[in-house]
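Accompanying notes for the structure given below.
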Amino acid sequence: MKQLFRKLKPFLRWFILGGTLFFLAKVLKDNWQQVLNIRINAVGWACLAIALGLTLLAHVVGGWTWSRTLHELKQPVNWVWMTQEYLKTNVAKYLPGNVWHYYGRVNAAKTAGASIEVAALSVVLEPVLMLAAALLITLLSSQQIFARYGIPAVLLQVGALVSVLGAIHPKFLNPLLKLASKAKQKGDASPQTPAQGMDHYPVIPLLGELGFVLLRATGFLFAFLAISPISPVDLPLLVSAFSLSWLLGMVVPGAPGGIGVFEATAIALLSGRYSPAIVLSVVALYRLISVLSEAAGAGLAWLDQKRS
């Protein structure tokens, strides 16, 4: 069964990518005239600038959270340098394979003095913590999604959240880290101290990822404001829809960086409340803002390292 899944996985990726692109193309075909009629005024451009700044700040928080995760794993790394490396590797997520940013972060953690097994674990924990944060935010703000999709959707989210929160408990992580450390020592002639695990639940990294997702959601809200006014009643729906769309863009195999999956999910969740033309314009603008913020973060981190 596993061999069959491995053989089908590349085709599954292309199938999902093709399906999402077809969906987006159909939405654009049906609403292209309304999209062309959308105009952005001076206030809208200011909202987009704020969205860009908030999204860039979110990536800085993400870098700090990664360095904090390494501290929780008893690796005393310099958080400023680790944040810079995080920002520099961010743009690699758009390369084919969608794994090169993780590879760069493992190398950066090793350069900072972390063992290979701890470096790899910190990189694995990062998306898991993001997943838990996005699920938690979705649950806390999903009243309208609950009304639309019913109890099964909420139970599925609760089950996934409980599973993820349990997976990052030290009682589960520490034995895995010790096994990885022992396996590495067997193939290494030089004696090494086994990697130490966490002493407590990674609350601070989880709070950091909550801040990361909330900052990105706020950036999405400002991008939405650039196109259309938002009723305060709709804020929970927009935050929940963004969190769930971003989450699926991260975990569903498709195009690098979640391109297509995020947009298709957001349109599906919000088109019942807002015009598809508005939602399509917003997600396209936010995708551009995301790419620009990642490029700006990488450039600023590189310049700061060169300056110092």
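Read-outs: derived from the displayed coordinates by stated rules, not from any lab. Every value quoted in this text rests on a predicted model; they were computed, and no experiment measured them.
Close Lys pairs in region 41-307 (alpha-carbon distance under 19 Å; sequence gap of 8 or more, or different chains): 12.
Phi angles of region 99-110 translate, via the Karplus equation with coefficients 6.51, -1.76, 1.60 and θ = phi - 60°, into HN-Hα couplings of 10, 5, 5, 5, 4, x, 6, 4, 5, 5, 5, 5 Hz per residue; Gly and Pro are given as x.
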